[in-house]
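Trainee: Next up is a structure, given as structure tokens.
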């Protein structure tokens, strides 16, 4: 998304995935589970 110009450098990006899903990108700023969901944050 950053390469396409959708996300500015330094933006905090938050995604919700399934608890057992693989991380779409390494080195998250934060990684938490809530029931069946997993909430992950990265800096773009």
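None of the figures in this text is laboratory data; all of them are computed from the coordinates on show. This is a predicted model, so every value here is computed, not measured. Positions of Cβ are generated from backbone atoms using ideal geometry, with glycine treated the same way; all protein chains shown enter the neighbour counts.
Trainee: From Cα pairs below 8 angstrom and at least 6 apart in sequence, can you work out the relative contact order of the chain, rounded to a whole percent? Provide the component values of the computation, followed by the final result.
Mentor: Details: 64 pairs, mean separation 20.2, N = 44.
Relative contact order here is 46 percent.
Trainee: May I pose another question? Evaluate E = 1/(1 + (r/R0)^6) for residue 39 and residue 8, where r is the Cβ-Cβ distance and R0 equals 25 Å; express this FRET efficiency to the nearest 0.05.
Mentor: On the way: r = 21 Å, r/R0 = 0.85.
After rounding to 0.05, the efficiency reads 0.70.
Trainee: Return 27, 21 ranked ascending by Cβ neighbour count within 10 Å, so the fewest neighbours appear first. Before the final figure, lay out each step's value.
Mentor: Numbers: 27 8, 21 12.
In order of increasing Cβ crowding within 10 Å: 27, 21.
Trainee: I need the Debye-formula profile for the chain: one equal scatterer per C-alpha, no solvent, reported as log10 I(q)/I(0) at q = 0.26, 0.29, 0.35 1/Å, two decimals.
Mentor: Rounded to two decimals, the profile gives -0.91, -1.03, -1.25.
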